[in-house]
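K.L.:
Got a structure for you, questions after.
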Amino acid sequence: MKKYSEQELKVLNQQLKGITPAEIVQWVISNAEKPVVTTNFRPYEAAILHVCSKIDPAVKVIWCDTGYNTPQTYKHAREVIDTLQLNVKLYTPKETAAYRDAFFGGIPDVNSPQHEEFTKQVKLEPFQRAMKQQQPDVWFTNLRKGQTSFRDSIDILSYSKDGMLKVSPFYHWSDEKLDAYLEEHGLSNEFKYFDPTKVLANRECGLHA
């Protein structure tokens, strides 16, 4: 995928704001060599998975499972994977949840010195391993404006800290618009979701910021 300058990115983001997520994905995929979609099956993730897999059924879907998802999230993930016939590449931490529970005495508090190491083990290391193995040139995400202060600072197209092009087709969409999208396409949603590395919804998890 072409490397865009800051000015080119600004112009493109203005242009892309006026078209649909499907059109954005189609444009990006037609210019990409090894695109991937990342997901954790949190609320509204079915939208990005639907639009990407409909345009490219073989697109790789990277799921980094922390091992601490709710039963509802796991059931939702299975339903979405089966419904959309997703090409999932599953990555899990090297240590089991039982091992970490014994080592940390449960999930460390976000203010604990152990929380950084915990986050590295359950989220950052599996994600870095996935990217190293898959070697994508484009990373589709479901980041949206209004989720965190960092996410308010990016746009539909942005670059990761490693210089990879990140594409967030639903960046300017509200929950209400996404509700309508999921209903239109007969897709489920699940709100009983828990991220042990964030705890609070407005905290950044470390993959993006």
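K.L.:
Defining a contact as two alpha carbons under 8 Å apart and six or more residues distant in sequence, what relative contact order in percent does the chain show?
P.N.:
28
K.L.:
I want the local charge near Lys75. Using Cβ-Cβ distances under 13 Å, sum +1 for each Lys or Arg and -1 for each Asp or Glu among the other residues.
P.N.:
The answer is -1.
K.L.:
Let me have the relative contact order for the range 1-122, percent, based on Cα pairs under 8 Å that are six or more residues apart.
P.N.:
20
K.L.:
May I pose another question? In nm, give the distance between the simple-model label positions of Asp137 and Asn87, each being 7 Å from the Cα along the Cα-to-Cβ direction.
P.N.:
1.5
K.L.:
Using DSSP to call loops (not H, G, I, E or B), can you name the GluC sites (Glu not before Pro) in the range 1-101 whose Cβ has at most 11 other Cβ atoms within 10 angstrom?
P.N.:
Glu33
K.L.:
What are the radius of gyration and Dmax of the chain, computed over its Cα atoms and given in Å?
P.N.:
My reading of the Cα-based Rg and Dmax gives 16.9, 51 Å.
K.L.:
So which trypsin sites (Lys or Arg not before Pro) in the range 157-191 pass both tests, a DSSP loop state and at most 10 other Cβ atoms within 10 Å of the Cβ?
P.N.:
Counting only loop positions with at most 10 other Cβ atoms within 10 Å, the trypsin sites (Lys or Arg not before Pro) in the range 157-191 are Lys161.
K.L.:
Okay, moving on. On a 1.4 Å probe surface of the protein chains, which of Trp173, Trp63, Trp27 comes out largest in accessible area, and what is the full order?
P.N.:
Heavy-atom accessible area, descending, gives Trp27, Trp173, Trp63.
K.L.:
So for Thr83, Thr141, Thr20, what's the accessible-area order with a 1.4 Å probe, most first?
P.N.:
Per-residue accessible area, sorted high to low, gives Thr83, Thr20, Thr141.
K.L.:
Count charges around Glu95 for me, please; just the other residues with Cβ under 15 Å from its Cβ, Lys/Arg as +1, Asp/Glu as -1.
P.N.:
+1
K.L.:
Run the simple label-point estimate for Asn31 and Tyr4 please: 7 Å along Cα→C-beta, distance reported in nm.
P.N.:
Taking the two extended label points, one gets 0.6 nm.
K.L.:
State the extension gain, in nm to one decimal, for the chain segment bounded by Phe104 and Ile19, taking 0.36 nm per residue of separation less the distance between their alpha-carbons.
P.N.:
25.9 nm
K.L.:
Give me, ordered by chain and number, the residues 5 or more places off Lys89 or on other chains with an amide H under 5 Å from its own placed amide H.
P.N.:
Counting only residues 5 or more places away or on other chains, the set is Val61, Ile62, Trp63.
K.L.:
Give me log10 I(q)/I(0) at q = 0.12, 0.14 Å⁻¹ for the range 78-193, Debye formula, one equal scatterer per alpha-carbon, no solvent.
P.N.:
-0.65, -0.88
K.L.:
Going through the range 32-115, which trypsin sites (Lys or Arg not before Pro) have at most 15 other Cβ atoms within 10 Å and a DSSP loop state?
P.N.:
Listed in order of number, the matching sites are Lys94.
K.L.:
Placing unit charges on C-beta atoms (Lys and Arg positive, Asp and Glu negative, everything else neutral), compute the dipole magnitude of the chain about its Cα centre in debye, rounded to 20.
P.N.:
It works out to roughly 420 debye.
K.L.:
Still on this structure, I have one more. Please give the residues of the range 86-126, grouped as numeric ranges, whose backbone N is less than 14 Å from a label point set 7 Å along the Cα-to-Cβ vector of Ser160.
P.N.:
The answer is 91, 123-126, whose backbone nitrogens lie closer than 14 Å to the label point.
The values are calculated or read from the model by the stated rules, or taken from the named source; none is laboratory data. Everything quoted here is computed from the prediction, not taken from an experiment. Every residue, glycine as well, gets a Cβ built from its backbone with ideal geometry; the counts of neighbours run over all protein chains shown. These accessible areas exclude ligands, DNA and RNA; they are computed on the full protein's heavy atoms, side chains included. Shrake-Rupley method; radii C 1.70, N 1.55, O 1.52, S 1.80 Å.
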